[in-house]
Amino acid sequence: MRLKSKVALITGAGSGFGEGIAKRFSKEGCKIVVNDINSEGGERVAEEIKAAGGQAVFLNADISTNQGWKTLVEAAVESFGGFNVVINNAGFTHKNQSMLTVSEEDFDRIYAVNVKSLFWSASNVVPILERSGGGVMITVASVAGIRPRPGLTWYNGSKASAIITSRSMAVELAPKKIRVNIINPVMGETAMLEDFMGMSDTPANREKFLGTIPLGRLARPDDVANAALYLASDEAELITGACIEVDGGRTV
């Protein structure tokens, strides 16, 4: 098992990419702290992991706040004695529209969840990882931060910020033996798909977007989970500051 004896704290794990990562990691022997603000989804994922023979706990916490991270870290320490891997996966977007019509409330929430959460994450988890001799942090960003689509300007900007912030963290935290890497998925089969598309997810509408992805399909949770598994494993011990585009060629 590639993650045996490790503990992973995964935000936004109640659905989508986060759920995929949580379940894939569990199959590889990792204990999982499932975080989401959607209690129904988060509890379901934790229970499904346990039913499959894994170990998991769920915690509802807002990762855009310092208190949310404090609570999350305390739960990980109480349940499993600590953690080795932190997956900053939770994200928020505005619907595809003119940049001039996005509300200030949505703008603030996007940056709170997609960017400021990295600040609070680092503030709370880095001291613990350092004391334990190192660890892994992975940011699930987006190809939107590299090759932006029209109508998602403020979301695109937040993901670009998350990418460069994470790469800078990788350099600064390397002496502490903490690796920081980034996964950039293309548009995926998740609950936010119609927000990204800005239209109903019909076969005809989806085909318009598939035409921009050379491999011809959307990202699936397992695609992102497999990339995260490699980056979290000891096989990637010399990799930090890297961006893996799980995008079917979209950014080429």
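The values are calculated or read from the model by the stated rules, or taken from the named source; none is laboratory data. Source: prediction; values computed, not measured. In this analysis, Cβ positions are derived from the backbone assuming ideal geometry, glycine residues included, and neighbour counts consider all displayed protein chains.
Would you check which residues across region 84-128 are of a type in the set (Lys, Arg) and touching a helix residue (DSSP H, G or I) at 6+ places or on another chain (Cβ under 7 Å) and list them?
The one that is of a type in the set (Lys, Arg) and touching a helix residue (DSSP H, G or I) at 6+ places or on another chain (Cβ under 7 Å): 95.
Here is a yes/no grid of residues against (1) under 20 Å from residue 162 (Cβ atoms); (2) within 16 Å of the chain's Cα centre (by Cα); (3) of a type in the set (D, E, K, R); (4) in a loop (DSSP other than H, G, I, E, B):
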position	(1), (2), (3), (4)
2	no, no, yes, yes
5	no, no, no, yes
46	no, no, no, no
61	yes, yes, no, yes
76	no, no, no, no
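Tell me yes or no: at least one residue of region 50-58 is among the basic types (Lys, Arg) and part of a helix (DSSP H, G or I).
Yes, region 50-58 has at least one match.
Would you mention how many residues in region 28-44 are crowded, with 24+ Cβ neighbours inside 10 Å and not in a strand (DSSP E or B)?
The number of residues fulfilling the criteria is 3.
What's the number of the only condition in (1) more than 19 Å from residue 91 (Cα to Cα); (2) assigned to a strand (DSSP E or B); (3) aromatic (Phe, Trp, Tyr) that residue 25 fails to meet?
Result: residue 25 passes all but (2).
Quick check, is residue 51 small (Gly, Ala, Ser) and either modelled with pLDDT under 95 or out of contact with any helix residue (DSSP H, G or I) (no Cβ under 9 Å at 6 or more places or on another chain) (or both)?
Numbers: small (Gly, Ala, Ser): yes; either modelled with pLDDT under 95 or out of contact with any helix residue (DSSP H, G or I) (no Cβ under 9 Å at 6 or more places or on another chain) (or both): yes.
Spelling it out, residue 51 is indeed small (Gly, Ala, Ser) and either modelled with pLDDT under 95 or out of contact with any helix residue (DSSP H, G or I) (no Cβ under 9 Å at 6 or more places or on another chain) (or both).
Which of the residues that make up region 112-154 are touching a Lys or Arg at 6+ places or on another chain (Cβ under 6 Å), closer than 14 Å to residue 91 by Cα and not in a helix (DSSP H, G or I)?
141, 142
May I ask you to list the residues in region 166-203 that are touching a strand residue (DSSP E or B) at 6+ places or on another chain (Cβ under 8 Å) and either at pLDDT below 80 or of a type in the set (Val, Ile, Thr) (or both)?
178, 180, 182, 183, 186, 189, listed by residue number.
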